[in-house]
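This report refers to the structure that appears directly beneath it.
Read-outs throughout are calculated quantities, based only on the coordinates presented, and are distinct from any laboratory measurement. Source: prediction; values computed, not measured. Glycine gets a Cβ as well: all are built from the backbone with ideal geometry, and neighbour counts include every protein chain shown.
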Amino acid sequence: MKWCAAGLVLLVAACGSGNSLNVTSAYATEPSGPNAAVYLDITNKGGTPDRLVDVAIDGFTTMLHETSISADGQATMSQVMGIDISEKSSVALRPGGIHIMIMDAAGLVDGDELSATFTFEKHPPVTEMIPVVTLDAYLELIESQQ
Amino acid sequence: MKSWSSANLVMGILMLVLMTAGCTSAELGDPLGSEGVFQGVELPEPSPKPSFVLTDTAGDPYDFAAATDGKLTLLYFGYTFCPDICPVHLAQITSVLDRNPPLRENTEVVFVSVDPERDSPEVIREYLNGFSEDYVGLTGSTEELRTAEEALGVPPAIIGDTSDPDYLVGHTAQVFAWAPDGLGYTIYPFGTRQSQWAHDLEILAGMGS
């Protein structure tokens, strides 16, 4: 059942807006601790590079974070101030890389929806509804796509 | 000054193995690429289980080597504030074990928090219960945690500025595994797939049980 819901959400998310910058495949994972993560794709179909400078989610504080894993296996997470998106290219936010952290999100559960507004340096803002899914469902989804 | 143990030496070699394994991918792809018996990163030689004592979520001393003797053991260092690789590792393991009750029966999953400031025993217990009430959660003082990390031969956690309530912690990203015979044959970097976990855990469970 959750697969049907995830597929439907993916289909809806893929529709995006008419902006040459689209946010698709956006999911927030149900938090295991105090914070949740959002993963998604940003596609720039236009001929101008741009930069994501802010993500605002109604009711929550968010931060852009990047997890880096060094050659010796040490993981560090650090805040990033923006994400560059080259012209005619995509950026994927995935586990173990760049992600959006939703602070104090412990109350979020599978089935909730979040209104998120993505602000870019050049393109107009993009607002998307982001579904909250279980971490299991999200991991199964991205493993199935590989 | 502390001397290097055999575990440190093994881990030094392991770092080279990891570098060639290309474990820095942000994708949940195939970071391992092993063609040996295991699909995890195989150690150059089997490594004995490290010995350290921390405190479990009931407040009792937990002697890692003694408490996990004879069991397939998975050990991970992380912290509950992290919404990214820490819960992903635990979710992957949980999903595999949930599908194989006999395997789960003799597997001990041990989570060591590297964030003693925020992760009280109660916080760790609540966090782990989201995955399994059977998982063992451990904590300790900064010095005790450092001793455990040294016993394992991994770099110490790097704790951010704790005056910032949203401080972050750097920590080793691999899951360490020991078969029931008490020896470690593999480790699992971030990005290990559930199919790879399922493959290796079945093999490891049969070694020395």
Quick one: grab the alpha carbon gyration tensor of region A:2-144, order the square roots of its eigenvalues as a ≥ b ≥ c, and give me rounded if a/c is under 1.5, else prolate or oblate depending on whether a/b is larger than b/c.
-> rounded
Once you put a point 7 Å from the Cα of A:Gln146 and another 7 Å from the Cα of B:Asp98, both along the Cβ direction, what distance in nm separates them?
-> 1.9
Between A:Glu87 and B:Ser195, the FRET efficiency computed from the C-beta separation at R0 = 56 Å comes out, to the nearest 0.05, as 0.95
Computed FRET efficiency, Cβ-Cβ of B:Asp181 and B:Arg146, R0 30 Å: what is it to the nearest 0.05?
-> 0.60
If you take every DSSP beta bridge whose two residues both sit in chain A, what share of them, in percent to the nearest 5, is antiparallel?
-> 95
Each label point is 7 Å from the Cα along the Cα-to-Cβ direction; what then is the distance between the points at B:Ile203 and B:Ile158, in nm?
-> 3.3
Give the relative contact order (percent, whole number) for chain A; include only Cα pairs under 8 Å separated by 6+ residues.
-> 30
